[in-house]
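One structure is given here, and the rest of the page talks about it.
None of the figures in this text is laboratory data; all of them are computed from the coordinates on show. Everything quoted here is computed from the prediction, not taken from an experiment. Cβ: placed from backbone, ideal geometry, glycine included. Neighbour counts: every protein chain shown.
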Amino acid sequence: MPNPRLHQTERRKRERRLTAILYLISIAVMFTSILIIFGIWLWMMPPSVIPQDNHDFNNQDIQMSEQIRQDVVHLADSIGERNMHTPGSMDSARAYISRRFNSLGYNVEEHHYTLRRGIYSGRSATNLIAEIPGSGNSDEIIVIGAHYDTVSGSPGANDNASGIAVLLATADQMKDYRPYRTIRFVAFANEEPPFFQTADMGSYAYAKRSAERGEAIRGMIALDGLGYFDNSPGSQSYPLPGLGFAYSKRATFIGLVTRLGDLNLLRSVSAGFKESGAIATESAALPGFLPGVNWSDHWSFWQHGYPGLLITDTLPFRDPHYHSPYDTPGRLDYENMARISSALTLAVQNLADSDTE
């Protein structure tokens, strides 16, 4: 006579085995899908840029790197901490940046805006704008920007005197250039906390004004943290562990970073860096919510419907003195910063003159 309990036990065993098999199959399918998606994503990304062996660092490059060093030293050492918590520091930084633009032959527009939040509500902040008018379609604009403030307690050599210095160097290289589209170099106030990702950021106020005016900004490039490099194994980290399989684990490259929706802008800028061959470059379009992807002034332009990307050494993912009192000029690589400016100049020229046939 059949034993009902034995029959039920065998059935439960078969069900458990089937459940386990289905679970393993689902895990395998999910893992395979992730690999396929990751592979497609990698295929879509611009290729890595390997510096050209024949890209000599000539006397002009040496002079540019020295001027970049002088700009960083003045901002980080002579002025030091630059923010609204430190009386006079923002005025001193603005005065220096304006003088440097003027020395290159640019007229400087001051964009004043009023802060609306917190203890600084009602106070004024200022962005600085230098422009090369377009010779053809001057209504279309390319914006290159960097913030000139620092966090409290930091002299901000890398974050972000380096960005301002490269902004000035790029403006210098392009001062006699006549683009088809308009090019604007903008030094932004108040990127750092407590203004970070609020309407009180200088870049937010600027992008808002541009949108209200109906300005056609074809692309915005933010420069933030461009000077720290380290060839040690494991010196580079990432916001997602898997990215370490796709990109270098040595902090020897400059990064071009944007959201997935601005992949075309990323490809255009990356192509300029590749054509230049001046510096090792890695490019990534990632979900905008990932740590680091939206951590600079390009975020403000996203909020107003403009495409934007970030050029960065990745700051906290490699720089051990990010946002610290030890963010000083002596740690930075000024030759690489000059190389970044050379590559950026070519990339911006391509953006300003593309599709003009």
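If neighbour count is taken as other Cβ atoms inside 10 Å, put 302, 295 in order from fewest to most.
Values: 302 18, 295 22.
Final ranking by Cβ density, sparse to dense: 302, 295.
Treating cross-link reach as a plain straight distance, find the lysines whose alpha-carbon is under 30 Å from the alpha-carbon of residue 274, omitting any fewer than eight places away in the same chain.
175, 249
Which ³J(HN,Hα) values, rounded to whole Hz and listed in residue order, are derived for segment 232-246 from phi using the Karplus coefficients 6.51, -1.76 and 1.60 in 6.51 cos²θ - 1.76 cosθ + 1.60 with θ = phi - 60°, glycine and proline given as x?
Using θ = phi - 60°, the values come out as 6, x, x, 6, 10, 10, 9, x, 10, x, x, 5, x, 7, 9 Hz.
Express the Stokes-Einstein translational diffusion coefficient of the chain in µm² s⁻¹, to the nearest whole number, given a Kirkwood radius over alpha-carbon pairs, 25 °C and a viscosity of 0.890 mPa s. Write out the running numbers ahead of the final one.
Details: Rh = 21.6 Å.
Diffusion coefficient, whole number: 113 µm²/s.
For segment 239-341, what ratio Rg/Rh do Cα atoms give with a Kirkwood hydrodynamic radius?
0.96
Give me the Kirkwood hydrodynamic radius of segment 146-247 in Å, from all C-alpha pairs, to one decimal place? Kindly include the intermediate steps, with their values, before the conclusion.
Numbers: mean 1/r = 0.0622 Å⁻¹.
Across segment 146-247, the inverse of the average 1/r is 16.1 Å.
According to a simple spin-label model (label point 7 Å from Cα along Cα-to-Cβ), what is the distance in nm between residue 249 and residue 99?
Using points 7 Å along Cα→Cβ, the separation is 4.7 nm.
So what is the 222 nm mean residue ellipticity for the chain from helices alone, if each DSSP H run of at least 4 adds -39500 (n - 2.57) and you divide by all residues, rounding to the nearest 500 deg cm²/dmol?
Details: 9 runs with 137 residues, N = 357.
Helices in the chain give a 222 nm mean residue ellipticity of -12500 deg cm²/dmol.
What are the ³J(HN,Hα) values, in whole Hz, obtained from phi via the Karplus relation 6.51 cos²θ - 1.76 cosθ + 1.60 with θ = phi - 60°, for each residue of segment 318-335 in sequence order, with x given for Gly and Pro?
Result, ordered by residue: 8, 7, x, 10, 4, 6, 10, x, 9, 7, 10, x, x, 8, 8, 9, 6, 5 Hz.
For segment 198-299, run through the trypsin sites (Lys or Arg not before Pro) and keep only the ones in DSSP coil with at most 16 other Cβ atoms within 10 Å of their Cβ.
213, 249, 250
Based on alpha-carbon centroids, what's the gap between segment 316-357 and segment 81-101 in Å, whole number please?
21 Å
Among 226, 344, 265, which comes first, then next, by fewest other beta-carbon atoms within 10 Å?
On the way: 226 32, 344 28, 265 23.
With the fewest neighbours first, 226, 344, 265 line up as 265, 344, 226.
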